[in-house]
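Visitor: Below are the structure tokens for one structure; questions will follow.
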Amino acid sequence: MRDYKQFEVRATEGGDLWAGDGYVQSQRGGARVRVADDATEISGIEQRTFLGGSGRNVRLTSPDATGAPHGMFRAVSPMLFVGQLNGAWELRYDEEDGSVELHDGVDVVATAAAGTVPLGGRIMCGSLATAGGDGGGVYEVELGSDTGTVELVFNAFSVPDRFVVTWDGVDVIDTGLRGDDGDYTPVGGGAPETVVCDGVGAGTLSFNKAAATPTKATVTVLSPYEGTGWEFALGCPGGGSPPFPPSTLLDDGEFTLVATPYGETTYFGGEPFGLVARVEKAYVAATLFQKATVNPMAGTVPGQTFTAASRSEYLGDTDAAWTITVASDGVASISDGTITVAARASGLPDEAGGVYTATEDGAAAYNDGEPFDIVVSLLATPPRTGHVYTLITEGSPGEVTAAKGPFLARTMPAPSAPHYPLELAEILDGGTVLPIREGVIPWG
């Protein structure tokens with residue numbers, strides 16, 4: 001018996017979406033086409049497709065080399081994405097220069113150049129950083145190995161802000177509070193304070209980068225008063241160029257990977273090919289990664305939060321000997337480092353939430369031999385808004401020759417004969433799934 005209806009779409013606690021497989025029935029010619037691209041086999045009668053949606057995923061497609069690593073890749077850290085269809089496949093972001101490598105578990109299949117992906121909180125020398133609001137921020141600036149004078153150009157405008165540049169462990173620039181003298185309310189509230197600034201809001205200061213390393217500097221913006229706005233740019237040493245181009249990748253954007261000689265030989269008969277990676281978020285911040293919380297219903301199992309160490313393993317925050325391991329078939333277990341304390345018989349692949357039943361060893365060790373359950377919960381986060389659809393290809397009008405998907409997109413693609421997108425569900429604000437079509441789809 002099927003768990004999901006045909007083309008049913010469900011959201012997980014973690015904010016991702018799954019869709020059941022289904023059939024499109026041609027009304028002309030009688031063809032019946034199954035739609036289950038990149039699907040996971042659930043049973044002999046059911047497959048499900050992981051659609052993503054949480055902001056932690058990348059979809060990889062290869063227009064030419066169809067056997068190359070492809071499908072959805074799920075982030076296990078801001079710099080590492082693991083293939084949903086094959087756990088040996090990995091997209092690895094280089095945290096030093098923003099380049100990308102695609103591995104198949106044996107070697108590097110394809111690469112993308114330095115500066116392809118943003119590094120989160122790090123900017124290139126010469127780039128403008130700007131913000132409005134309270135509290136300031138800390139920015140790591142890539143200077144490269146060049147030496148020479150590095151200029152900080154800053155503007156605190158009217159509400160006072162302070163800019164501090166640190167290089168090689170030393171504060172090499174400190175602007176003091178810059179802006180207009182006056183009375184200002186501290187961030188967080190309280191009585192207004194009378195402030196006498198160390199200078200006007202806009203200015204330029206510099207330091208000498210005398211050595212090739214370190215290649216990075218830190219700019220700390222201190223904004224102690226409400227209603228501020230500011231901007232700064234830290235120049236490149238000696239007025240030179242950035243060490244590599246800054247990334248222009250945006251949310252819902254894409255980049256291209258080019259096959260290596262190994263990739264060409266292994267997947268496309270020695271011929272060159274490319275792969276297209278479409279990201280949900282340009283940078284997957286650490287705050288997007290969920291923690292799992294263990295709540296024992298009885299006994300002496302310690303309640304604690306767990307942080308994902310990989311796609312299939314969570315480590316205890318209080319005691320790292322404790323782990324939650326989730327298999328690709330949905331079976332999961334909780335271990336104290338010595339015994340399996342409790343197990344979950346089924347569930348979503350790579351999702352830790354659910355009810356775990358104590359094993360015989362777990363009951364003996366933690367509840368005087370009596371059975372008990374452990375509830376593992378994830379902080380529910382909704383998927384982003386969007387549309388789930390299948391792409392139907394016609395031979396002649398009304399005749400289905402192929403159907404691909406299901407796919408998830410922020411906006412519905414436009415039809416372009418002979419390809420016609422057909423919406424299955426809409427994802428509303430708050431993660432509500434609005435079904436539009438379920439069951440066998442007639443076409444023609």
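The values are calculated or read from the model by the stated rules, or taken from the named source; none is laboratory data. Predicted model only: the values in this text are computed from it and were never measured. Because the Cβ atoms are built from the backbone with ideal geometry, glycine has one as well, and the counts that use them run over all protein chains shown.
Visitor: Looking at region 1-42, which of the residues that are in contact with a Leu (Cβ under 8 Å, 6 or more places away or on another chain) and among the hydroxyl-bearing types (Ser, Thr, Tyr) is modelled with the highest pLDDT?
Guide: The selected residue is THR12.
Visitor: A further question on this structure: Can you spot a residue in region 168-180 that is surrounded by 14 or more Cβ atoms within 10 Å (Cβ to Cβ), over 19 Å from PHE244 (Cα atoms), under 30 Å from the mean Cα position of the chain (by Cα) and touching a residue at least 24 places away in the same chain (Cβ under 8 Å)?
Guide: No: zero hits.
Condition check ((1) of a type in the set (Phe, Trp, Tyr); (2) in contact with a helix residue (DSSP H, G or I) (Cβ under 7 Å, 6 or more places away or on another chain)) across all residues:
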position: ASN155; (1), (2): no, no
position: LYS209; (1), (2): no, yes
position: VAL219; (1), (2): no, no
position: TYR225; (1), (2): yes, no
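Visitor: Further, regarding this structure: With respect to PRO192, determine if the residue is without any contact (Cβ under 8 Å) to a residue 60 or more places away in the chain, touching a Ser or Thr at 6+ places or on another chain (Cβ under 6 Å) and loosely packed, with under 15 Cβ neighbours inside 10 Å.
Guide: The answer is yes for PRO192.
Visitor: Anything in region 370-386 that is in contact with a Ser or Thr (Cβ under 7 Å, 6 or more places away or on another chain) and closer than 23 Å to ASP252 by Cβ? List them, or say none.
Guide: THR381, PRO383
Visitor: Which one of the conditions (1) crowded, with 20+ Cβ neighbours inside 10 Å; (2) touching a residue at least 24 places away in the same chain (Cβ under 8 Å) does GLU370 fail to meet, given that it meets all the rest?
Guide: Failed condition: (1).
Visitor: I'd like the residue in region 1-16 that is out of contact with any Pro (no Cβ under 8 Å at 6 or more places or on another chain) and of a type in the set (D, E, K, R) and, out of all such residues, is farthest from SER346 (Cα to Cα).
Guide: Per the criteria, the residue is LYS5.
Visitor: Same structure again: Within the group THR256, THR265, THR213, THR300, which residue is free of Cβ contacts under 8 Å to residues at least 12 places away in the same chain, surrounded by fewer than 14 Cβ atoms within 10 Å (Cβ to Cβ), among the polar types (S, T, N, Q) and over 19 Å from GLY14 (Cβ atoms)?
Guide: Going through THR256, THR265, THR213, THR300 in turn, just one is free of Cβ contacts under 8 Å to residues at least 12 places away in the same chain, surrounded by fewer than 14 Cβ atoms within 10 Å (Cβ to Cβ), among the polar types (S, T, N, Q) and over 19 Å from GLY14 (Cβ atoms): THR265.
Visitor: Test of understanding: among GLY126, GLY55, GLY137, GLY83, which residue is under 15 Å from TYR283 (Cβ atoms), crowded, with 16+ Cβ neighbours inside 10 Å and of a type outside the set (Phe, Trp, Tyr)?
Guide: Going through GLY126, GLY55, GLY137, GLY83 in turn, the sole match is GLY55.
Visitor: Of all residues in region 379-421, how many are surrounded by 19 or more Cβ atoms within 10 Å (Cβ to Cβ), part of a strand (DSSP E or B) and touching a residue at least 40 places away in the same chain (Cβ under 8 Å)?
Guide: So the answer is 11.
Visitor: Assess whether ALA352 counts as being at pLDDT below 90, over 22 Å from GLN84 (Cα atoms), assigned to a loop (DSSP other than H, G, I, E, B) and out of contact with any Asp or Glu (no Cβ under 8 Å at 6 or more places or on another chain).
Guide: No: the conditions fail for ALA352.
Visitor: For the condition under 30 Å from GLY398 (Cβ atoms), out of contact with any Pro (no Cβ under 7 Å at 6 or more places or on another chain) and either assigned by TED's automatic domain parsing to the domain that holds ALA113 or buried (at least 20 other Cβ atoms within 10 Å of the Cβ) (or both), what is the one hit in ALA36, ALA19?
Guide: Only one candidate passes the filter, namely ALA36.
Visitor: Would you point out the residue of region 325-365, among those that are charged (D, E, K, R) and without any contact (Cβ under 8 Å) to a residue 40 or more places away in the chain, that is nearest to GLY303 (Cα to Cα)?
Guide: ASP336
Visitor: Could you count how many residues in region 325-344 are of a type in the set (Val, Ile, Thr), in a strand (DSSP E or B) and modelled with pLDDT of 95 or more?
Guide: Final tally of qualifying residues: 3.
Visitor: Among the residues of region 310-324, what is the count of those that are surrounded by fewer than 17 Cβ atoms within 10 Å (Cβ to Cβ) and touching a residue at least 40 places away in the same chain (Cβ under 8 Å)?
Guide: 1
Visitor: Something else about it: Tell me, yes or no, whether region 213-226 has at least one residue that is closer than 22 Å to LEU17 by Cα, part of a strand (DSSP E or B) and hydroxyl-bearing (Ser, Thr, Tyr).
Guide: No, that holds for no residue.
Visitor: Determine whether VAL109 is touching a residue at least 60 places away in the same chain (Cβ under 8 Å), surrounded by 17 or more Cβ atoms within 10 Å (Cβ to Cβ) and either under 24 Å from THR307 (Cβ atoms) or touching a Ser or Thr at 6+ places or on another chain (Cβ under 6 Å) (or both).
Guide: no
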